[in-house]
Structures are given as structure tokens and as C-alpha cells.
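Everything on this sheet refers to the single structure shown next.
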Amino acid sequence: MENTLQHCLSLIRFFSLSSKEFLEKVRPYKSLLKRQFYEDLLNSHLDPNSKPNDNILPPRNIRIESIIDSKIVNNLNIIVTISRWIDKLDARNNFAYLKEPYKFQLLLRGSRDGFTPKIFHELCDGKYNTITFIKVKGTEEILGGYNPLKWESSDGYGKANDSFIFSFKNNIAKDAIISNIENPEYALYNGSNIGPYFGSDLIIYSTHDEFKDYNKRYCRKRYNEKKIRDAEDDDEYYDITIEVGEDPNVKILRAHMSILCYRSPYLRRILASNKNRNKENILSHIKLSKISPEVFQIILKYIYGGTLSLNEQDTLEILKILIAAEELLLQELVDYLQKYFIENKSEWMEQHFELIHRTSFQSNSLLELQQF
């Protein structure tokens, strides 16, 4: 076998292979390679500061049409840059120029297949290692993200350590921005009625339902390391205002109807009722007078990102959060807070037994507190 392959080995661009390709396709056959050549090849993956020798074959000439079928991306350098990001390859790596970009298989093209969440999930669910490209209307700016997991319609978060979002201004790679995930627990959200959702940082969705075209998107810094646009635009694309609290402590907050509907059955019901009455697509507005602005802002942060910090809250305020969560039918949060009280605030509950008793029996969903 070694004699048969010797004439072919010299034609292979070994140094253009990714680390995964090296591990799976080269390492098992290292006995076929000259020892020094194999050591140099191994060092190119382990030590980016090592220098390639003069005998390494450069990458073959590549045409973008052979790499990606895209109406948005027409610059090969963008694909090369994204491929390096996927491999976590620093541009300063001495071997970076030798790495060939990945080939991308087209799953969905909005202009061909449609721009609805339903189409997105039909064509992309179950597919791993996907790149989403979004062109900002009226510009040459490209936004997007990388999902190393598979898309699903599970209405839950996907934990990913290697996801990232990016932007390219004017369809060129020179001013590219990459923002890696900082909080892997909330890297992705698989909403059945929403489009690509990257860490609450980059989202496109429809304010109507999964059968209607996307009409909203927002881009901001939440769970990734930095923002990918000069200005955060989530406020620009809000489609609902929520009036919370009672006089004189009233505040109007902005939000996105689609996100609220997915997370809260109560708000979904209220907003569906408003939608039936709102035939002229006027900005939706609802009132939640029983919930204070301070509590609802905490709830809103949980709805958007799934995080809740109780360290700086006094116990009575946490109880108010529990009551609000119960009203909004956020059962996961209700269960968490009941457990929190029992495990961390049992003495306080004994001291305020009448309040806990009265509160817990106002709803059938507070069974754990009732049984305390």
C-alpha cells in the first residue's frame, strides 16, 4: 500500500486540511508518511508559531462558486474568514493562508424558499454546523451566526461553547467582526415560531405567526462577547409597549411581542386578544398594573435570557417576583423560586407564616409552598 500511494502523496495539500480532517483522515495512516514531514504537519496544528518549510504546496485556485451557492455572499475572503473562525484559527497563524475554506451546502434561500419561521424549521431542523447569512435591507452589510448544534423546534435553549455571530460591512472581509458566545447556556434558542436566534444577540422573527414573513430583527450585546454593529437596535424594532405598576410608580417598557408570546402563556393569550382587535397594525400596548416596574424588569430579563439574579434582592421582593411569575404563567420560574424559598428562606417563611400561607393558597401552582 505504501508503494502504491507514494506517487499520490506528493499531490495532496496536507497543510490545507482542518484539524478534524487531520485527526480523522491523516493520523491513522501516519506510518505512510515520512517522519519529519508528519512532525511538521502535526506542529502546524499544535504550534501556530512554527514556520512552514519551502516545500509545502500552496492551496489550489478556488472559485467561490465551488464553495458556496449564495445570493448574499460573493466574496471568497468572507468564506475563508468564517472557515478560520469555525476552526478557531488565528489569522496570525503562520499556516492560516494554507487552509482551504469549508464547502457550504445550501439549505435555505429566502428569495427561493420563503422568509417564514415555518420554512426555516422545515428545511434546517436536524442540521448541524450551519451558518446563517442575513443581508441588511438597502445596504451591503451582512450579519449572521454559526450554530455548531442542530436547529430544533423544541422551544428551549441550546448550550453551545463554539457558536458565534458576525458582521461584514460592505460585503468585504476587511472590517469583519466576530463575537464569540460568553454564556454557553443561552447560546441558541430553538423557538418553533421564530427564525434563527443567537444568544438573544441576533434574532429575526415575525410579529404575526410562523406562516408570515419575517418583519422584525434585532441585534444587540447580551450573551456574546461584544456587539457586532455600531448601534444596538432592539429598541428600534420593538413592537409592543407594556405599562406596569400603579400611580405614582408607573413605567412603560418596550419589548418584542414574538419573544413574550413564546415565553409566557398568559401574555400569549392577552396579546392574541389584542391582535384580533388590532386590525390596523398599530403598536400593541398592554397594562400590568399589579406588577411593579422593578419586578417586571427582572421578569423581562428572565423572559429574554433565562437568567435570574437573586443575590441583590431582599426576600420580600423575591416573593413579589414569584407572585408575578405565577400570574404570567411562567411555571419553570415558579418552580425554581418555590424551591429557592424552601431551601434558602425557610426561617424567613416561618417568621412570615401568615403571608406565605395566604400567598400560596391564592393559586394551585404554588403547591410546594402550600405543603411547606
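Screening region 116-131 for residues that are in contact with a helix residue (DSSP H, G or I) (Cβ under 9 Å, 6 or more places away or on another chain) and under 21 Å from PRO184 (Cα atoms) and picking the one that is surrounded by the fewest Cβ atoms within 10 Å (Cβ to Cβ) gives ASN129. Annotation: ASN276 fulfils all but one of (1) closer than 30 Å to SER111 by Cβ; (2) modelled with pLDDT under 85; the unmet one is (1). Of everything in region 105-136 that is charged (D, E, K, R) and without any contact (Cβ under 8 Å) to a residue 60 or more places away in the chain, the residue that is farthest from GLY305 (Cα to Cα) is ARG112. Can you work out which of the residues in region 175-188 that are touching a residue at least 24 places away in the same chain (Cβ under 8 Å) and out of contact with any strand residue (DSSP E or B) (no Cβ under 7 Å at 6 or more places or on another chain) is farthest from PHE120 (Cα to Cα)? My answer is ASN183.
Pairs linking a residue in region 335-360 that is surrounded by 11 or more Cβ atoms within 10 Å (Cβ to Cβ) to a residue that is β-branched (Val, Ile, Thr), with Cβ atoms under 7 Å and 6 or more positions apart or on different chains, are LEU337/ILE318; LEU337/ILE321; LYS345/THR315; TRP348/THR315; MET349/ILE356; THR359/ILE323.
Of the listed requirements (1) assigned to a loop (DSSP other than H, G, I, E, B); (2) in contact with a Phe, Trp or Tyr (Cβ under 9 Å, 6 or more places away or on another chain); (3) modelled with pLDDT under 85; (4) of a type in the set (S, T, N, Q), SER70 misses just one: (3).
The numbered conditions (1) at pLDDT 80 or above; (2) surrounded by 14 or more Cβ atoms within 10 Å (Cβ to Cβ); (3) outside the structural domain of LEU188 (by TED's automatic domain parsing) are all true for SER50 except (1).
Under 8 Å by Cβ, and 6 or more places apart or on different chains, what pairs join a residue from region 10-21 that is at pLDDT 70 or above with one that is part of a helix (DSSP H, G or I) and exposed (fewer than 14 other Cβ atoms within 10 Å of the Cβ)? Pairs that qualify, where the first residue is at pLDDT 70 or above and the partner is part of a helix (DSSP H, G or I) and exposed (fewer than 14 other Cβ atoms within 10 Å of the Cβ), are LEU17/LYS25.
If only residues of region 313-364 that are closer than 28 Å to ILE242 by Cα, more than 31 Å from the chain's Cα centre (by Cα) and polar (S, T, N, Q) are counted, the one that is modelled with the highest pLDDT is THR315. Contact map, region 137-149: residues that are closer than 19 Å to ASN75 by Cβ paired with residues that are assigned to a strand (DSSP E or B) and of a type in the set (Lys, Arg), Cβ distance under 6 Å, separation 6+ or inter-chain. Pairs shown: ILE142/LYS135.
The values are calculated or read from the model by the stated rules, or taken from the named source; none is laboratory data. A quick note: this is a predicted structure, and the numbers were derived from the prediction, not measured. For neighbour counting, all protein chains shown are included, and Cβ atoms are generated from backbone atoms with ideal geometry for every residue, glycine included.
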